[in-house]
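Have a look at the structure below, then the notes.
The values are calculated or read from the model by the stated rules, or taken from the named source; none is laboratory data. Model, not experiment: these values are computed from the prediction. Because the Cβ atoms are built from the backbone with ideal geometry, glycine has one as well, and the counts that use them run over all protein chains shown.
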Amino acid sequence: MSKKQIKLEAKDVHAYYGDFHALRGINIVMEENTVTAFIGPSGCGKSTFLRLFNRMNDYIDGFKTEGEILLDGDNIYAKSVLVDELRKKVGMVFQKPNPFPKSIFENVVYGLKIQGVSDKATLVEAAEKSLQQAALWNEVKDNLNKSALALSGGQQQRLCIARALAISPSVLLMDEPASALDPISTAKIEELIHQLKEQYTIVIVTHNMQQAGRVSDTTAFFYLGELVEHAKTKTIFTNPKDKRTQDYITGRFG
């Protein structure tokens, strides 16, 4: 088996909200076509770290970061980087489904239209492909002009995944993508993550440790702004090196 390429890497990354030191010296390597789960108690820095990979924190007043974040070996915080171009490569799915008040079809092709794609056949093809990838096509193919807001919560979240996939990213960031969903919808999202990693590198923040255990190849445990340990998921859950990891996954705190 050929060795997987490194897709994402953080080198001595620090992040600050004003005077608050939110992330402290994070170093991590994530390989392509894998799922990495970030776990840890609320407020430990996992979502802040996730949002560094598509520069979502740039919008926050007083936020600053130090160190390097590499995508395919290139520092995405270099002065020459065009953030819009970066976000074509790094898709994002949020905690709560956030479809636009438009039709299902218009939701999926939104990013392509912003990029200037107007050819109807291209848009139709992209919409079908993305909806199939998001395991939603069979449920909506006869109602593409229906409002996305009429879909169930689980369907809306899969629609948001389709929307993220339509612009053909190579990385998909997911910030607790199933936390607002019922168990059946959650199972569908988890099954989807398994399928998508064949084509994408996925990073997921989750509060649900069982979920991390089910969907991820490697797990990173964050605590008080530090990356305590990162290893194969099975190792983290059965034989962690650090007592803080052990205490967290056995429910002693968190």
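Could you pull out the residue among Thr245, Thr218, Thr235 that is touching a strand residue (DSSP E or B) at 6+ places or on another chain (Cβ under 9 Å) and free of Cβ contacts under 8 Å to residues at least 12 places away in the same chain? Within the list Thr245, Thr218, Thr235, the selection yields Thr235.
Rundown of residues vs (1) at negative phi; (2) exposed (fewer than 15 other Cβ atoms within 10 Å of the Cβ); (3) at pLDDT below 95, yes/no style:
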residue	(1), (2), (3)
Asp175	yes, no, no
Asn208	yes, no, yes
Glu226	yes, no, no
Glu229	yes, no, no
Lys232	yes, yes, no
Thr238	yes, yes, no
Lys243	yes, yes, no
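Filtering the stretch 32-50 to residues that are in contact (Cβ under 8 Å) with a residue 60 or more places away in the chain and of a type in the set (Ser, Thr, Tyr) leaves Thr34, Thr36, Ser42, Ser47. When Ala135, Ala126 are screened for being in contact (Cβ under 8 Å) with a residue 40 or more places away in the chain, in contact with a Leu (Cβ under 8 Å, 6 or more places away or on another chain) and at positive phi, only Ala135 passes. For Ser103, are the conditions met, namely being more than 13 Å from Asn54 (Cα to Cα), among the small types (Gly, Ala, Ser) and in contact with a strand residue (DSSP E or B) (Cβ under 7 Å, 6 or more places away or on another chain)? Considered against the rule, which asks whether it is more than 13 Å from Asn54 (Cα to Cα), among the small types (Gly, Ala, Ser) and in contact with a strand residue (DSSP E or B) (Cβ under 7 Å, 6 or more places away or on another chain), Ser103 comes out as yes. Determine if the stretch 197-209 includes at least one residue that is farther than 24 Å from Ile104 by Cα and in a helix (DSSP H, G or I). Checked the stretch 197-209: at least one residue is farther than 24 Å from Ile104 by Cα and in a helix (DSSP H, G or I). Applying a threshold of 6 Å to beta carbon distances and a minimum spacing of six or more residues, or different chains, the list of pairs starting in the stretch 13-31 at a residue that is among the basic types (Lys, Arg) and ending at one that is outside any strand (DSSP E or B) reads Arg24/Gly225. With Ser185, Ser168 as the choices, which residue is in contact (Cβ under 8 Å) with a residue 60 or more places away in the chain, hydroxyl-bearing (Ser, Thr, Tyr) and either surrounded by fewer than 19 Cβ atoms within 10 Å (Cβ to Cβ) or in a helix (DSSP H, G or I) (or both)? Just a single option satisfies the conditions, and that option is Ser168. Scanning the stretch 222-254 for residues that are out of contact with any Ser or Thr (no Cβ under 8 Å at 6 or more places or on another chain) and either among the basic types (Lys, Arg) or in a helix (DSSP H, G or I) (or both) yields a total of 12. Remark: Phe53 matches the filter, which requires a residue to be closer than 24 Å to Ala166 by Cα and of a type in the set (Phe, Trp, Tyr). Among residues of the stretch 151-165 that are on the phi < 0 side of the Ramachandran plot, those with a beta-carbon under 8 Å from a residue that is among the aromatic types (Phe, Trp, Tyr) at least six positions away or on a different chain give the pairs Cys160/Phe94; Arg163/Tyr110; Leu165/Tyr200. Here the stretch 98-123 is the region considered, the condition is being in contact with a Leu (Cβ under 7 Å, 6 or more places away or on another chain) and closer than 20 Å to Leu196 by Cβ, and the residue that is surrounded by the most Cβ atoms within 10 Å (Cβ to Cβ) is Val108.
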